[in-house]
Each structure stands twice: as C-alpha cells, then as structure tokens.
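**Q** Got a structure for you, written out below as structure tokens; questions coming shortly.
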Amino acid sequence: MFEVLPKVAKMQASYALGKPLANPLNLTISVSYRCNSRCKTCNVWQRPNDDFTIEEYDKTFASIGRDAYWFTFSGGEPTLRKDLPEMIDAAYRHCRPGIINIPTNGIQDKIIPGRIERVLQAAPTSDVIVNLSLDGVGEKHDIVRGVKGNFERSMRTYAGLKVLKERYKNFTLGVHTVISNFNVAEFENIYAFVRDELKPDSFISEIAEERVELDTVGMGITPPIEKYKPVIDKLQDGIRKAEFNGVSRITQSFRDRYYDLVKRTLVEKRQVIPCMAGVASAQIAPNGDVWTCCIRAESVGNLREHNYDFRSTWNTVKANELRRSIKAGECYCPLANASYTNMLCHIPTLTSVAFEVAKSTMN
C-alpha cells in the first residue's frame, strides 16, 4: 500500500500544474460492451462493439508502464471475453498493478470461477478483487437484472469463487450492489442476506447514476437523497461496528469517508473535494477511446490513432480542455471508482484516515 504514496505525489503535482507528469494512478479498462444482463439501470449492451485485441492491449500496457497502480477490468460483462486472463497477464507483465478489480454479473457459473483462477495465476503479486453484482434477493434480483435465473447462477458462481479463497492468498471476494429506484426499498433485505448468508470479504454499494457511457441519461434511475441516505447510514453503521485489521482497516476507513462524500455531493451538488479525473484516473473504452471518466465519456483521443501510445493520447488539446473543465468544477458526481482515487490524493482525507488507523491500532 505504501508504494502508492510517491505516485500520489506525482498526481498532486500534475493537478496543481494542470498537466500530467505521469500516467494515471487508476485505470479502468472497458474490455467490451457485450453483456448477457439486461439491467434496468444500464443500456451498455446496446452499444456497438469494436473490441481491442490482445495484441492491441499488449502495446497499450507497454506504453503505460509502472505508473498505474489500480486496474479495473469492466464491461459490459468482462468475463464474456475468453482472453480476459491473457489480457490481465499483459497488464501484469508491463505494469505490475498493486490492485486488479473485476466486476461480474455471475451468470456464467460454469465458466467464471475457472477464468478467474487463470487471472489469479497470471497476476500472483497483485491483489485481485472480484465483485459479484447483487441487486436483489431471489426473483427480485432477476427482475432488476433482466435475466431469469440470474440469482441462482450468481449463487453458484459465488460458491465456485469462494473455493478459490482457500488456494490464493491474493484473492478478495466481494459483493457489489447498485442502489436504484428499482431496489432502494429492498436494501434491508439485500444487506441482511449479504451479511448473514454470503459473508463476503467486502460489501460495497454505489448509487445508480445516469451516465453517457451506459446510455442512461434521462432514465430517472437515481433515487433521491432522502431514500438513499438510510442506505448509506446502514452501511456506515456496519463499518463502524465491525473490527478490521491491517489493510482492511485502511480500506474500510476510506469507504466510510466515501459514503460521507456521496451524501454531501448529492445534497450540495458540487465537487466536495477536488476531482482528479483526467489526472489520477482515466478510462479506456473497448475501441481504444480514452476518457477522463465514464460519466462524461468524452474521448480525448483514440489509442489506435496514436500508435497505442497512452501518454501521447493523454496529452491532446482535448485532454487539456477536459482537465481544465473538471478542475473548474464544471461537473460533479459520486462515481465510486474516481472518488476513491480523489480521496487518496486529497491530503486532509489521507491524513484523517491515517490518524484513525493509527488510533485503532493503539486501542
């Protein structure tokens, strides 16, 4: 964890100067828009596909090098790609990420555990986190996700992934719930099921957002703060009552602060702390377009047009304009992936977390 601090210093200097001195700390790789879910909160599966090949990813990761620390391989459904382990092997060889995060809908219960085991073998020194999507219990999950039998398949996938916990010390198995207008009233049941039945290493929740990437702008999927606040309060209460050690204590402390950030962002409708998207975090679309974030999803350039050189793509006129816009506070959101990076690069938050962890260690 401590090896990330010099990278954070570079990100802070980049933000202050308004130009990147290094490649982003946090990268999200959307490996495909293909998805076998039909969620009420996402239309990404309707987008056209033009997926990067393994050879294209290999060149891109070689150009990124060791600057990036946290990789998220998302979709669509990332495990639909048979070559996902080879893709992550290329990222590991060139970049040696500290964290590799993979979300999954769990539908391919006979395939996903084996595919994730190959990922674990490809990245032996990275912390590999797989988060299973759970937006309801039983049939209610299937209704939100739009696939009959999804819940049962997800539970079989979860059981298969849990077996890997016994073999690989670098594996974290989590559950992820998107809270929308379709399930906010069911959160108590979801929370109880996760806590009492699944007992994952981590349970994270994110509010459903209207995103350009997901083609959900104008769909009205985001619950109002008065309905979402009790969800956050429940999650924070669980975090504060639980006992954590080591890295888990640090992780949960950041998560607690993230939920505070969400509440304030939704109420105040502004960037509560500086957003480092475009500096410390970025996203690569399936076709090689590079974005500062998936909320705005505006391309700063395409890797294919820049000979797969990330730094060249990251330093275009468009990239600089988006960085200026974000720094000026012309947008705001509670996007979890970028928010965690923002908190890590925010000295007051970092200091607060360090103080709390030190205090809990002494008690």
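The values are calculated or read from the model by the stated rules, or taken from the named source; none is laboratory data. The structure displayed is predicted, hence computed values, not measured ones. Neighbour counts run over all protein chains shown; Cβ positions are idealised from the backbone, glycine included. Side chains included, ligands, DNA and RNA excluded: accessible areas come from the protein's heavy atoms. Shrake-Rupley method; radii C 1.70, N 1.55, O 1.52, S 1.80 Å.
**Q** Taking the Cα-to-Cβ direction at D237 and at R38 and moving 7 Å from each Cα, how far apart do the two end points lie in nm?
**A** 3.8
**Q** Using a Förster distance of 41 Å, how high is the FRET efficiency between N302 and A354, based on the Cβ-Cβ distance and rounded to 0.05?
**A** FRET efficiency, N302 to A354: 0.55.
**Q** Hey, any idea what the orientation-averaged projected area of the convex hull of the stretch 241-363's Cα atoms comes to, in nm²?
**A** Its average projected convex-hull area is 9.0 nm².
**Q** Could you give the radius of gyration (one decimal) and Dmax (whole number) of the Cα atoms in the stretch 317-359, in Å?
**A** Looking at the stretch 317-359, its Cα Rg and Dmax stand at 13.8, 46 Å.
**Q** Okay, next question. For the stretch 122-198, what does the convex hull of the Cα positions come to per residue, in cubic angstrom?
**A** Considering the Cα atoms of the stretch 122-198, their hull volume per residue is 101 Å³.
**Q** Compute the relative contact order of the stretch 1-45 as a whole-number percentage, counting only Cα pairs closer than 8 Å that sit 6 or more residues apart in sequence.
**A** Reported as a whole number, the value is 23 percent.
**Q** What 222 nm value per residue comes from the helices of the chain, counting each DSSP H run with n ≥ 4 as -39,500 (n - 2.57) and dividing by all residues, nearest 500 deg cm²/dmol?
**A** Dividing the helical sum by the residues of the chain leaves -13500 deg cm²/dmol.
**Q** Can you tell me the Rg and the Dmax, both Å, for the Cα atoms in the stretch 39-90?
**A** 12.9, 38
**Q** Given a Förster distance of 30 Å, report the FRET efficiency between A328 and D260 from their Cβ-Cβ distance, rounded to the nearest 0.05.
**A** Using R0 = 30 Å, I get an efficiency of 0.80.
**Q** At most 15 other C-beta atoms within 10 Å and a DSSP loop state: those are the exposed trypsin sites (Lys or Arg not before Pro) I care about. Give me the longest piece of the chain that has none.
**A** In the chain, the maximal stretch lacking such sites is 170-268.
**Q** Follow-up. Got a number for carbon plus sulfur as a percent of the chain's accessible area, 1.4 Å probe?
**A** 53
**Q** I would also like to ask the following. Using Cα pairs closer than 8 Å and at least 6 residues apart in sequence, work out the relative contact order for the stretch 176-235, in percent.
**A** Relative contact order, the stretch 176-235: 43 percent.
**Q** Right, next: Springs between alpha-carbon atoms under 10 Å, Gaussian network over the chain: tell me which of D256, D309, D237 tops the mean-square fluctuations.
**A** Ranking D256, D309, D237 by mean-square fluctuation puts D237 first.
**Q** In a solvent-free Debye calculation with one equal scatterer on each Cα, what is log10 I(q)/I(0) for the stretch 199-275 at q = 0.12, 0.14, 0.25, 0.28 Å⁻¹, listed in the order of the q values?
**A** Log10 of I(q)/I(0), two decimals: -0.41, -0.56, -1.24, -1.34.
**Q** Related question: Please list the equivalent ellipsoid semi-axes of the stretch 47-130, computed as the square roots of five times the alpha-carbon gyration tensor eigenvalues, in descending order and whole angstrom.
**A** Sorted largest first and rounded, they come to 20, 16, 11 Å.
**Q** Where does the Debye-calculated log10 I(q)/I(0) of the chain sit at q = 0.06, 0.09, 0.10 Å⁻¹, using only Cα point scatterers of equal weight, no solvent?
**A** Log10 of I(q)/I(0), two decimals: -0.20, -0.47, -0.59.
**Q** Rolling a 1.4 Å sphere over the protein heavy atoms, what is the accessible area per residue of the stretch 246-287, to the nearest Å²?
**A** 33
**Q** For the chain, what's the relative contact order in percent, using C-alpha pairs closer than 8 Å and at least 6 residues apart?
**A** So the answer I get is 19 percent.
**Q** Could you report the stretch 70-157's accessible area per residue, 1.4 Å probe, as an integer in Å²?
**A** 35
**Q** Follow-up question, since we're still on this one. Once the stretch 67-209 is represented by equal point scatterers at the alpha-carbon sites, with solvent omitted, what log10 I(q)/I(0) does the Debye formula produce at q = 0.15, 0.16 Å⁻¹?
**A** -0.73, -0.82
**Q** Probe of 1.4 angstrom, ligands and nucleic acids ignored: what's the accessible area per residue over the stretch 173-239, in square angstrom?
**A** I get 42 Å² per residue for this part.
**Q** Name the cysteines of the chain that stand alone by the Cβ rule: no other cysteine Cβ under 4.7 angstrom.
**A** Cysteines lacking a close Cβ partner in the chain: C35, C95, C275, C293, C294, C331, C333, C345.
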